[in-house]
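Structure, as structure tokens:
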Amino acid sequence: MYNECLCCAESIRKTTGDFKPEIAVVLGSGLGGFADSVDAEFSVKYADIPGFPTTTVAGHGGRFVFGYLAGKPIAVALGRVHCYEGYTAAQAVMPVRVLKLLGVKTVILTNAAGGINTDFKPGELMLITDHISLFCESPLIGENAEQFGERFPDMSEVYGGGLKDAALKAAEKLGINLHRGVYAQVKGPQYETPAEVRMLSRLGADAVGMSTAIEAIAARHAGMNVCGISLITNMAAGIKKEPLSHREVLESSAAGEKDFCALLSAIIEAV
Ligand code: HPA
């Protein structure tokens, strides 16, 4: 997997030359608008990178944007791939590993998530303080890529490096109500049943989604600092009477996008 990621990084460098992003943002469903905040220098479509997994989901863009925000060199991954598209967990974390090879030290992982904690409302943001990934395949299964990190990496503080404080301070300054909570990753693509949501709640999850935790694992394995932000797009199944739809998820992403973009910019400024 290391060599595959290296080839992808080399292919990207044919476009970006010696541009070295320090911070990266991975944008989830319907959150691509943030890329407009970047003074873009280069754009590389996933489909133009040999060996790179391409997204198949509506609302996911499928390209990297490289440029500056608050004077800092950053990379934005517009769209990600998920295991439910048929990719292995190791393939799904390739974008994060390629970003590491391009020089990224801090990655901000974002997603659309279902709210389990009944204090949350659709359109609100949650800072991920920890995650539950046990329902998914580990991206580290297989021969260990020593070049990235050790066989048995510690996960006691995945979302650390002072980023949580930076995010909370930024939210306070902007007057944004930033919840804190545990994110549970499930396989999908079907949304959960009410019984599954009750189970996740009892296990300590505040929000549920189909990405991010495995990316955070790969990022920590490779020694990157990780920040995680969920946009609560809907209440998880069974919490309200209405059934869930991907359209609702995309519509609520649009509603919460202003706060989301302001918060991301402020975090990048503070890092
Ligand atoms: N469940 C799982 N993934 C999600 C949800 C949800 O309710 N909302 C957005 N992504």
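Values computed for the structure shown
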{"read-out": "Close pairs from region 137-162: first on the phi < 0 side of the Ramachandran plot and basic (Lys, Arg), partner open to solvent by less than 100 Å² (accessible area, probe 1.4 Å) and part of a loop (DSSP other than H, G, I, E, B), Cβ under 6 Å, at least 6 apart", "value": "Arg151/Asn144"}
{"read-out": "Check on Leu99, buried (at least 19 other Cβ atoms within 10 Å of the Cβ) and part of a strand (DSSP E or B)", "value": "no"}
{"read-out": "Filtered residues of region 125-146 (kept if within 16 Å of the ligand (Cβ to nearest atom), assigned to a loop (DSSP other than H, G, I, E, B) and crowded, with 20+ Cβ neighbours inside 10 Å)", "value": "Ser133, Cys136"}
{"read-out": "Total residues in region 11-66, condition hydroxyl-bearing (Ser, Thr, Tyr) and either part of a loop (DSSP other than H, G, I, E, B) or under 15 Å from the mean Cα position of the chain (by Cα) (or both)", "value": "4"}
{"read-out": "Selection within region 102-123 - part of a loop (DSSP other than H, G, I, E, B) and more than 13 Å from the ligand (Cβ to nearest atom)", "value": "Leu102, Gly103, Val104, Lys105, Thr118, Asp119, Lys121"}
{"read-out": "Residue list for region 105-124, restricted to those being buried (at least 24 other Cβ atoms within 10 Å of the Cβ), out of contact with any Gly (no Cβ under 6 Å at 6 or more places or on another chain) and not β-branched (Val, Ile, Thr)", "value": "Gly114, Gly115"}
{"read-out": "Restricting region 75-94 to residues that are part of a helix (DSSP H, G or I) and open to solvent by less than 10 Å² (accessible area, probe 1.4 Å), the residue that is nearest to Ala112 (Cα to Cα)", "value": "Ala92"}
{"read-out": "Residue within region 66-74 that is without any contact (Cβ under 8 Å) to a residue 24 or more places away in the chain and open to solvent by 60 Å² or more (accessible area, probe 1.4 Å) present", "value": "yes"}
{"read-out": "Selection within region 202-242 - open to solvent by less than 60 Å² (accessible area, probe 1.4 Å), out of contact with any strand residue (DSSP E or B) (no Cβ under 8 Å at 6 or more places or on another chain) and in a helix (DSSP H, G or I)", "value": "Ile217, Ala218, His221"}
{"read-out": "Residue under evaluation Leu27, criteria (1) buried (at least 17 other Cβ atoms within 10 Å of the Cβ); (2) away from the ligand (no atom under 16 Å from the Cβ), criterion not met", "value": "(2)"}
{"read-out": "Checking Val98 against (1) among the hydrophobic types (A, V, I, L, M, F, W, C); (2) over 20 Å from Val197 (Cβ atoms); (3) within 13 Å of the ligand (Cβ to nearest atom), the condition it does not meet", "value": "(3)"}
{"read-out": "Test for Gly149: is it more than 16 Å from the ligand (Cβ to nearest atom), at pLDDT below 95 and either buried (at least 18 other Cβ atoms within 10 Å of the Cβ) or over 22 Å from Asp259 (Cβ atoms) (or both)", "value": "no"}
{"read-out": "Candidate set from region 252-271 (those that are crowded, with 16+ Cβ neighbours inside 10 Å and acidic (Asp, Glu)); member that is nearest to the ligand (Cβ to nearest atom)", "value": "Glu257"}
{"read-out": "From the options Asp39, Asp18, residue that is open to solvent by 10 Å² or more (accessible area, probe 1.4 Å) and in contact (Cβ under 8 Å) with a residue 12 or more places away in the chain", "value": "Asp39"}
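The values are calculated or read from the model by the stated rules, or taken from the named source; none is laboratory data. Since the model is a prediction, treat every value here as computed from it, not as a measurement. Don't worry about glycine lacking a Cβ; one is built from the backbone with ideal geometry, like all the others, and counts go over all protein chains shown. Side chains included, ligands, DNA and RNA excluded: accessible areas come from the protein's heavy atoms. Shrake-Rupley method; radii C 1.70, N 1.55, O 1.52, S 1.80 Å.
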